[in-house]
Structures are given as C-alpha cells and as structure tokens.
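Down below is the structure, laid out as structure tokens.
The values are calculated or read from the model by the stated rules, or taken from the named source; none is laboratory data. Here the structure is a predicted model, which means the values were calculated and not measured. Here Cβ is always computed from backbone atoms with ideal geometry, including for glycine, and neighbour counts include all displayed protein chains.
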Amino acid sequence: MTLHATVRHVTDRIVARSTDTRARYLAQIEHDRKQGPTRAGMSCTNLAHAFAAAPVNDKLMLREERRLNIGIVSAYNDMLSAHQPFERFPGIIKQAARDAGGVAQFAGGVPAMCDGVTQGAAGMELSLFSRDVIALSTAVALSHNVFDAMLCLGVCDKIVPGLLIGALKFGHLPGIFVPAGPMTSGLPNDEKAKIRQRFSKGEVTREALLEAESQAYHDAGTCTFYGTANSNQMLMEIMGVHLPGAAFVNPNTPLRDALTAHAAKRVLALADRNAFTPLGHVIDEKAIVNGIVGLHATGGSTNHTIHLVAMAKAAGILINWDDFAELSNVVPLLARIYPNGSADVNHFHASGGMGFLIRELLAAGLLHEDVQTVAGPGLSHYSQEPFLDGDTLVWRDAPAQSGDENVLRVHAHAFSDNGGLKVLEGNIGRAVLKVSAVKPEHRIVRAPAAVYDSQEDVLAAYKRNELNRDVVVVVRYQGPRANGMPELHKLTPALGVLQDEGFHVALVTDGRMSGASGKVPAAIHVSPEGLGGGLIAHIRDGDMMTVDGEAGVLHVDVDAATLAARETPEPDLSAHASGIGRELFGFFRNNASEAEQGASPML
C-alpha cells in the first residue's frame, strides 16, 4: 500500500526540522561506536573490578575480552505489580546469554514509582521528573562502558520513557526493551469506575471501594486499563524495539519466559558485526511517526504528548503537537480499550492485538514499513504474533479477522475516522484533549469558568455543591515549574458525576490527567503554564469559556488587552517545595521546559 500523503508530509517536515540535531546525534553515536567498550583497553585493576563478582565461567569469558556482554538495566521492585515480575528476568537472561555464547551482567536498577499509589498525594509531584531521574540512572548504569548491548526492563508511566531517553544516549549499542506483561483480568474497569463514582457520591463505603480496587488490581503485572503504562508497551512495539508481539503477554507464563530469553539471544545477534543494529538507528524519524500513528489508532495516553516529545529529542528528533494534530486527522481509531471502551488490554490482545493492528495500519498506508527494527528490517515482522510450538518459540501471522469487533477492527470499518487525541488552540495557549474517551455529545462545552489552584479546592467545592451547574473547571499552577505537574486523576469521578447529572462540564488545566483520562472533556497540558506567564493564570470566575473538542478550540471570552492586563498575585507554592523529597527536585522544577517541549530540565 502506498504511504498516506499526510504521513509522508509530516515525516518530511520532522526530518527537515531535525536536520541539524539529528546529524549531531548520529555523529555522536558513531564516535562512541568507534571507541567501543573499554574492556580491551582497561587496566588490569579496572577490568578485575568489572567482573570480580561474576560466576567463574562468566568471569573466564569476560577475561578473554572476545565474548559479547549484555548490560541489563531494570526497573524491578517488589511493591509495584507491573515491575515485580522482573525479579526473575535477570536469571533467565543470563542463562540465555550463556547458551548463545555471551555474557549478561546486571548493570543497574532504576527507580519505578507508581502514579496509582501516589495519586492525590505529595509524592505525585515527583512523578513526572522521575522520568528524568530514570534517564540519568540508566546512563549511570551503562557508564562503566563494558557492554556490547543492552536490555532495558520496564513497563510503566515514566519508566519506559526514562529508560529510552537514557538508552538513546548509548544509542551506539544495540538494545531491546523487555516488558513484563499485564496482570490477568480482574474486576472490569467500567465496574470499578462506577463504584468510584458511587463512593464520590457517598453511596458506598470505603470498605466497598477498597474491595473493588483490590479485585481490579489483584496480581503481578501491569494494570489492565489502557493508560500510559500500556501505551508505553504499544509504542515500544510499533517503534520496533520490542520483540514482535511481546507487549501484552501475561507474566509468569512459559511464553513470557521464552520471549525474555529470546530477547537476550536476539540482542547478541544485533551486536554481531555482520548484523550490527544500534538502537540509535532503530529510533529514527519514521519510527517516531509510527509511534504517533499508533497512539491515535488506539486512543493512547495523553501523557505521550509530553513523553514522546522528550524521547524523540533524545535521539535528535524534534516533534511538536502540530505533528500529533495533523496525523490525528487521518488516522482512524481501530481499538476501543478502557477508558475509551469497556475491554481491557487482555481482551485487546486476545482479539488480535498488536499484530492485527500493525497489519491493518500498514495496509492502510499509515505506517512506515521501511524501518529498521530489533526483529530485522521492515515493520512487517510486527504483523506476526509469538507462540510456543512445544518448547520452541516461533512466530505466525496475526489473525486475519478480529476476535471481537467491539474491541478491534479493520481500518475499513474503524470506530472513528480520526485519531484519539486532539490539539486545542486559543487565546490562553495550546492544550491536548483525549476525545476518544468522550462521547460526541460531550465534546463541546461552553460555560462559565470556576477557577481553582489545586484539585483539593475543586473537590471541596464539589462537596459543597458549588459545581452543580454548567461549568468549565480551571485548575492552574499545576505545570512542571509550579509543582512538578502531578496528575489530577482524583477529579475524574466527581466531574463524571456532574456530567451524568446532565450538566455540561469540562476541565482546563496546565496539569496532567494521565492516560486514564475519562469521559469528561479535559483540556490538559495547557502551555504556556500559569507559573511561566501563561494566560491560564488570568482567567477569573465567571469568564465564559469554550472547550471545543471537535473544532480544536480553547477560548475565554475576554479581549486580549483585558486578559493580559489582569493582575495575578504570585501564587504561594511553598507547600509544594518540600516534604516527601520535593526539596531535592527544585532544580527540575526551576529548569523544566513547557509540556509541548517535553517538560524536561535536561533536553
């Protein structure tokens, strides 16, 4: 199928915009490649330190300085369900590497925090910047420069973006990302959401709410809704840095273990000089465009309008929200996974999963097929799915038909003819809105503003019944520079209740709402942010506002001169500057870029 003209146009624009930065990046990784791992040139003291604790046979192979060595970077911890399965992976990887004639060493761990645990708490204000800490930690792990390839083990919201940003700084090495997989299905997500709403209305007890949450989040593996964590897995696959079909295989299964072992063998093959494939060449402009297309086709996480910008920039590739918007106009929505449907990712996987999705997008000319991947040249490798033939891992074509057309469809019968993300523009700046989860009748809201400086203030007003009306809730001073841009996910049940009661409701904020943004239209990531001079800080209670998810409009009915002239008192953010480690992150807050630029203090 001929490549769609818009996909080609956007790609060409990104290539032109990135000419200088991409050239510098490629020159740097070529320089690093020529230097090679330092094992051969190390002093005996340095080299002895590098393998002192290795098993005897591994030590012998490392002493020979001729065998390839894999560096493992892992986000393992045993508190978080998504990363707990990684406890077993290093052993599997090390044995597979030995079987293939190589060695693997655990290079280092990176932090992995859970937004689900920290939602609405002070720790959430460290969440966004944990991505950059993870990137730095990945660099520290690999800085010993004794590795010929790398395997990065991570799943969730900031972890995969941080791992990729760090790994791309070692883009002269071959690398594969190794997921853990989603937990098996528990309480359906729509049932969980209903109980959350009933709790917010005082109709069920806290014990009933906790029981429902425990039934939903019940085992090892990723949460099964299609938030940022599972959007990460989709991205890694459609950009060619997973093994084909690896994203949504449950943990602690024979197939999951076989894929993990094969990743070790495959990355050693990519490090062989005859098939050398560095990560910095896999992640190129075409791969990034494929990632954006995948987000639109699946109704993926709004967080990636921040993270993917930063990930691309780490490889010298410059993208912005215009690229997202233009691709959204031509990419059909092929999947409905909660919150833009009732199914979870296990249901999506069983219906045909990533192999089916990628084949359909390739057939429609919406993906670049001519890319380099860790499976070999060409994205067509990813229209297959893995299975075990006895004990042997093999791949077969993805199903020809969807197992459930309520969840996954062919491109000719898409759920929608455009993507799941919308860019809004207007006189207070730019924002993004996840329209795939919002019913058409709720996508346009025109109502008076109610302005708050925290989600706690919003919830207090809700409990006082002050929001029982048509309203655009504005929550300012939630951007990266203000308080680290925490997700405002606690607002979803309350605003959902108001919408269910018949009111026209929308949210406007310079903060985040996460990949689980729900049925209420939320114009998020407003840039410039309030603390950075953004006019969102100049909105007043009662100002008439328009949030139009169809036409892409974000507007307050105040003339430009009046809006700009309004005096806005300096916000008191002292409560966000310390406690729970926040004082350590002052540098990050003070130096963060705007959301559209990746919200990073480093890139």
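Brief remarks follow.
Residue-wise test of (1) surrounded by 22 or more Cβ atoms within 10 Å (Cβ to Cβ); (2) of a type outside the set (D, E, K, R); (3) over 19 Å from PHE248 (Cα atoms).
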| residue | (1), (2), (3) |
| --- | --- |
| LEU126 | no, yes, yes |
| SER137 | no, yes, yes |
| SER143 | no, yes, yes |
| LEU151 | yes, yes, no |
| VAL155 | yes, yes, no |
| GLY166 | yes, yes, yes |
| PHE170 | yes, yes, yes |
| ASN189 | yes, yes, no |
| LYS194 | no, no, yes |
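- Within the stretch 60-78, if we keep just the residues that are part of a loop (DSSP other than H, G, I, E, B), under 28 Å from the mean Cα position of the chain (by Cα) and in contact (Cβ under 8 Å) with a residue 12 or more places away in the chain, the residue that is farthest from VAL178 (Cα to Cα) turns out to be ASN77.
Listed here are the residues, each with its yes/no results for (1) surrounded by 13 or more Cβ atoms within 10 Å (Cβ to Cβ); (2) in contact (Cβ under 8 Å) with a residue 60 or more places away in the chain; (3) part of a loop (DSSP other than H, G, I, E, B).
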position	(1), (2), (3)
LEU26	yes, yes, no
HIS49	yes, no, no
ASP58	yes, no, no
ALA82	yes, yes, yes
PHE86	yes, yes, no
GLY91	no, no, no
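- Residues in the stretch 53-71 that are out of contact with any Lys or Arg (no Cβ under 8 Å at 6 or more places or on another chain) and under 23 Å from ALA139 (Cα atoms): ALA53, ALA54, ARG67, LEU68, ILE70, GLY71.
- Close pairs from the stretch 443-464: first over 24 Å from LEU573 (Cβ atoms), partner among the polar types (S, T, N, Q) and assigned to a strand (DSSP E or B), Cβ under 9 Å, at least 6 apart: ILE444/THR546; VAL445/THR546; ARG446/THR546; ALA447/THR546
- Enumeration of residues in the stretch 204-260 that are among the small types (Gly, Ala, Ser), over 21 Å from MET79 (Cβ atoms) and buried (at least 24 other Cβ atoms within 10 Å of the Cβ): SER231, GLY240, GLY245, ALA246, ALA247
- Flag if GLU211 is over 24 Å from SER436 (Cα atoms), free of Cβ contacts under 8 Å to residues at least 40 places away in the same chain and either outside any helix (DSSP H, G or I) or not assigned by TED's automatic domain parsing to the domain that holds HIS296 (or both): yes
- Among the residues of the stretch 106-134, just one is out of contact with any Lys or Arg (no Cβ under 9 Å at 6 or more places or on another chain) and of a type in the set (S, T, N, Q), namely THR118.
- Consider the stretch 72-107 and keep the residues that are within 28 Å of GLY227 (Cβ to Cβ) and in contact with a His (Cβ under 9 Å, 6 or more places away or on another chain). The one that is modelled with the lowest pLDDT is SER81.
- The stretch 227-246 - residue that is in contact with a Ser or Thr (Cβ under 7 Å, 6 or more places away or on another chain) and part of a loop (DSSP other than H, G, I, E, B) and, of those, modelled with the highest pLDDT: GLY240
- All positions within the stretch 462-487 that are in a loop (DSSP other than H, G, I, E, B) and out of contact with any strand residue (DSSP E or B) (no Cβ under 6 Å at 6 or more places or on another chain): ARG464, ASN465, GLU466, LEU467, ASN468, ARG469, ARG476, TYR477, GLY479, GLY484, PRO486
- Those helices (runs of 4 or more DSSP H) of the stretch 252-315 in which 2 or more residues are among the charged types (D, E, K, R) and within 21 Å of MET354 (Cβ to Cβ) occupy 254-271.
- Filtered residue count, the stretch 330-363, keeping only those that are of a type outside the set (A, V, I, L, M, F, W, C) and either at positive phi or part of a loop (DSSP other than H, G, I, E, B) (or both): 11
- Qualifying residue in the stretch 375-389 (condition: under 30 Å from PRO521 (Cβ atoms) and at pLDDT 95 or above): no
- Those residues of the stretch 317-366 which are of a type in the set (Val, Ile, Thr) and either crowded, with 22+ Cβ neighbours inside 10 Å or not assigned by TED's automatic domain parsing to the domain that holds HIS281 (or both), in sequence order: ILE317, ILE319, VAL331, ILE337, VAL345, ILE358
- ASP397 vs. criteria surrounded by fewer than 16 Cβ atoms within 10 Å (Cβ to Cβ), modelled with pLDDT of 95 or more and either more than 24 Å from the chain's Cα centre (by Cα) or acidic (Asp, Glu) (or both): yes
- Filtering the stretch 564-603 to residues that are over 17 Å from SER454 (Cβ atoms) and of a type in the set (A, V, I, L, M) leaves ALA564, ALA565, LEU584, ALA592, ALA595, ALA599, MET602, LEU603.
- In summary, no helices (runs of 4 or more DSSP H) completely within the stretch 98-197 bear 2 or more residues that are within 27 Å of ALA375 (Cβ to Cβ) and outside the structural domain of THR260 (by TED's automatic domain parsing).
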